[in-house]
Every structure is written in structure tokens, then in C-alpha cells.
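J.: Sharing a structure with you now.
Since every read-out is calculated from the coordinates, none of them should be taken as a lab result. On a predicted model such as this, the values are computed, not experimentally measured, just so you know. Cβ placement follows ideal geometry from the backbone for every residue including glycine, while neighbour counts extend to all protein chains displayed.
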Amino acid sequence: MLQIPALFLAFLPLASASEVRSDTFTPELVAGLRSVTAAVLAPDGAHVAYVLSVPRRAGVDEDGGAWAELHVLAVADGRSRAFVAGQVNVSGVAWTSDGRELAFLAKRGGDQETALYLIPLEGGEARRALALGGAIDSFDLAPDGKGVVCIAAPAKSKAREALKKQGFQQEIYEEDQEPNELWIATLDASVAPRKLPFAGHPREVHWSPVDERLLLAWTPTTLVDDEYMRKRVAVLDGESGAVLARIENPGKLGEIGWSPDGTTVALSAAADLHDPSPGRVCLASASGDVAAKIVPAELVPLFEGDFVDFAWQSSDALLVVTHVGLGCRFEKLELEGGRAQAARILADVGGPILTSLSLSGDGQSAAFVGNTPAHPGEVFALRHGEHAPRRLTDSNPELAVAQGEHLARVRG
């Protein structure tokens, strides 16, 4: 009879457990899951630029947050290319008005602070279009494709930096933070950037589609409490920075956006001061007496759900993503007299939970970020006439294999 040493048998389970198979659902696999965090549809609807979050390798890479890569896919066949990848952190992705280039924020190479870059759709190296004294936090391109408005941190004080080198590095809680600055510049650097005066802390800015006005979300201070509860909207003169109108939403503020004709502002906001979520869609006039603050009107009062994201399809129609119960819908709101008519469901999604929305220039194509219990965020797309969003990316092909192996074991 064959005798097997007991010591050999004792080490058999350890040997098999140490082998990490590609078809096994492991903690390492979960820690390395990639996910799409933003998706922006090109003006012609032919391509989607998306940001892919790539976690650092557990036990291999240095400690830190996930990298954020820029990828572009063709909607027709789903083929994707990495445009800016590796150890990078890309944010604020936007298409130029002609769809030939992509703008994004990153800190690359010899950059001292986060700068604005442009990269051609046809390929090639990204070029730095704008750098300021402080890190650029967000931006919006002018409709003519030449100008850009930026929100940036103030440049670091040389005197303060000198003191830090001498050991004076104390931080006074909630007292050392300086408000962001608002800048107007050109993408070709033909004109020196100019700072617009504004009494407050700019958070988000959008250039008017028809003139030089700016739509600004701002808070009185840099404090987190203000960001949650006191974020308000103002319309500014892009030349002087003068406030032309103030919109007084009652509580939390989410997204803001111009109507295509520049007369109306849509915003997602809380119903009142005690509402925990900015899940109501409201409209407000973009003009008015500065002294008399404009109160936005809720489009769908008593809506039993949340408006997650919206985009203007035309000056009298909004497309919205809504979450109702455990489901998700893509709907169209026809506007008349500042009120929404009966919502028309374009897609009762059922499967993926959509979390963002981007439209093509003609409003006939949409791109989304969506997730399901089976996968994290991926790119989805929907064309006019289609009944459900199509998944265009598979950022974790090994996940389906591991899930299939897991289900086979459970069912077996």
C-alpha cells in the first residue's frame, strides 16, 4: 500500500490556496476593479471620451488613490483607445465645439500645478493650453472654441512658502483656506489670462451658449458646510465680473446648466432646507433684478423619486435620468410656460443604474455611466429610436469569468 508522508499532506491545502487563479473571485480581484467615472459624448455623437479609474496594485505599488486615465471609444463598433494612460490623474474632460480635440485637466511632466491640456481626436501628444499660478480646478470652453473660463486656486504665497521652509508649517483649522479665483483666457495663449473679481468662493462655471455671460455656482466661504448647504447660483458679466442675477435655491445644489437660447437656467436642487438630496429639477430666469433674488420653480412637484442628471435637448425640452424606487428611467420633459408637461419615458432602463448623462449636439444621442450588481461603472449609449441603453465598455473582463466560476460552484 502506498504510504504518503503526513507532512506532505499537511502542506497540500496551503499550496493550492497560494495559487491565485484568474477565474477565481478573490479579494485581490475586487481591490483591482477598474471603473468608468465620467463619459462625455462628442458633438457628432460618434465618439465617447471617458475617464477610467485604475486602482493601484495592492502590495506592489506605492500607497495612493486610483489613477484616472483618458480613453476614447467609437460608438459604432465599441472599439476603445487609451489617449492618456498610466500614472496620470485626468479630470474635467470636455470636447471642443468642433469635436476635433479633447480638453482635460492634469498635472504632467514639469507642471507645478494642475493645468489645462488639449489632445487631438486623430491622435498625437497632448499640448498644454493653459497654466495659471495655482492649480486649475475646473473649466468651461467658450462656444466659439477660442476662449475658456477657469476656476483655479490662488498662487502660493512666496512669503508663506519661505516660512514653511523655516519650520512654520502650522495649519489653523478652517482659517488658512483662501477662496478660488475666476479666470478668463484663450486656448492659443494669444491674450494674457485675466482674473474676474468676485466676492465669494467659485465652485462651478459655465459659459453662456449665446454671449459673454457666465453661470456660476458659488459659496460664501471655502468651508465644507457651505459647500453642502449654502451653494447658490449667479449670472455674471464675462467682461467685468459684475453680478447680473442671483438665483436663491432653498437648500443643497447639484447640477446647473444654460438653456440653448441662454434665457433660462436649469438646476438640480433640494426641495427645501431639510431635504437631504438635491434631487429636484428646477428652472429659473437667467435675467432679473440683482437686488431681488430669483427663486427657482420646481418642474415636477411631488415627484416620488430623484432626478440624478439632466441635459438640455432644446430650449423647450430637458432629458433627465431619474431613480424611482430601485429602478432607473431615462425621460423627456417638454417645457411650456416654465412648467413640465407629462414626462415621456424614453427608456425604462430596468438593468443598469445610470448615474450621469451626456448628449450629442443634435440631442439625438446620449451617453451614460451605468452600473449593475454584476459590474462597476461602464459606458452605455442610446440613440434616438432605441429602447434601452447599450453597454459599450467592459473594463473588467476577468470579472465575468470569476462570477461564472463562482456561480458554477454555488449551483454545483
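J.: What residues of the range 84-122 lie in the reach of a label at Lys146, counting those whose backbone N is under 15 Å from a point 7 Å from the Cα along Cα→Cβ?
T.: 97-98
J.: Hey, which lysines would be in cross-link range of Lys164, C-alpha to C-alpha under 22 Å, not counting anything within fewer than 8 residues on its own chain?
T.: Lys156
J.: Within a Cβ distance under 12 Å of Asn396, other residues only, what is the Lys/Arg minus Asp/Glu net charge?
T.: -2
J.: Using a Gaussian network model on the chain with a 10 Å cutoff between Cα atoms, which of Pro389, Pro301, Pro143 fluctuates the most?
T.: Between Pro389, Pro301, Pro143, it is Pro301 that shows the largest mean-square fluctuation.
J.: Calculate one ³J(HN,Hα) per residue across the range 26-34 by plugging θ = phi - 60° into the Karplus curve 6.51 cos²θ - 1.76 cosθ + 1.60, and present them in order as whole Hz with x for glycine and proline.
T.: 10, x, 5, 5, 4, 5, x, 5, 8
J.: Right, something else. Do you know the relative contact order of the chain, to the nearest whole percent, from alpha carbon pairs under 8 angstrom that are 6+ apart?
T.: 11 percent
J.: If you don't mind, there's one more thing I want to ask. Give a quick list of GluC sites (Glu not before Pro) in the range 311-411 that DSSP marks as loop, anything other than H, G, I, E or B, with at most 14 other Cβ atoms within 10 Å.
T.: When the GluC sites (Glu not before Pro) of the range 311-411 are filtered for loop state and at most 14 Cβ neighbours within 10 Å, Glu386 remain.
J.: With an 8 Å cut-off on Cα pairs and a minimum separation of 6 or more residues, tell me the relative contact order of the range 330-411 in percent.
T.: The normalised contact order for the range 330-411 reaches 18 percent.
J.: Something else: Give the label of the value calculated from the structure for percent of Cα pairs over 42 Å apart, choosing from (1) 41; (2) 12; (3) 20.
T.: (3)
J.: How many nm separate the modelled label positions at Ala342 and Val30, each set 7 Å beyond the Cα in the direction of the Cβ?
T.: Placing both labels 7 Å along Cα→Cβ, they lie 4.6 nm apart.
J.: If I fit a long axis through the Cα atoms of helix 397-411 and take the longest principal axis of the Cα atoms of the chain, what angle between them do I get, 0 to 90°, rounded to 10?
T.: Long axis of 397-411 versus the principal axis of the chain: about 50 degrees.
J.: Within the set Lys107/Lys195; Lys107/Lys332; Lys165/Lys231; Lys158/Lys293; Lys195/Lys252; Lys107/Lys231, which residue pairs have Cα atoms separated by over 30 Å?
T.: Lys107/Lys332; Lys165/Lys231; Lys158/Lys293
J.: Quick one: which residues, 5 or more positions from Ala129 or on another chain, have an amide H under 5 Å from its amide H? H modelled 1.01 Å from N in the peptide plane, none for Pro or chain starts.
T.: For Ala129, the qualifying residues are Leu116, Tyr117, Leu118.
J.: Here is a follow-up. Once phi is turned into ³J(HN,Hα) by the Karplus curve 6.51 cos²θ - 1.76 cosθ + 1.60 with θ = phi - 60°, what whole-Hz value does each residue of the range 197-207 show in order, with x for glycine and proline?
T.: For the range 197-207, the Karplus-derived couplings read x, 7, 8, x, 10, x, 10, 7, 9, 9, 7 Hz, x marking Gly and Pro.
J.: A further question on this structure: Applying the Karplus parametrisation 6.51 cos²θ - 1.76 cosθ + 1.60 with θ = phi - 60° to the phi angles of the range 299-305, what ³J(HN,Hα) value in whole Hz is obtained for each residue in order, glycine and proline being reported as x?
T.: Result, ordered by residue: 6, 10, x, 6, 5, 8, x Hz.
J.: Can you find, among Leu267, Gly78, Gly92, the residue sitting farthest towards the positive end of the charge dipole of the chain, where Lys and Arg contribute +1 and Asp and Glu -1 at Cβ?
T.: It is Gly78, whose Cα lies furthest towards the positive end.
J.: Could you give the length gained by full extension between Arg81 and Ala46, i.e. 0.36 nm per residue of separation minus their alpha carbon distance, to one decimal place?
T.: Computed gain between Arg81 and Ala46 is 11.2 nm.
J.: For Ala242, enumerate residues with amide H under 5 Å from its amide H, sequence gap 5+ or separate chain, H modeled in the peptide plane.
T.: Asp237
J.: Mind listing the long-range amide H neighbours of Cys328? Cut-off is under 5 Å, sequence gap 5 or more, other chains count too, H placed in the peptide plane at 1.01 Å from N.
T.: Val349, Gly350
J.: Excluding the sites themselves, what is the longest stretch of the chain that contains no chymotrypsin sites (Phe, Trp or Tyr not before Pro) in a DSSP loop with at most 14 other C-beta atoms within 10 Å?
T.: 174-412
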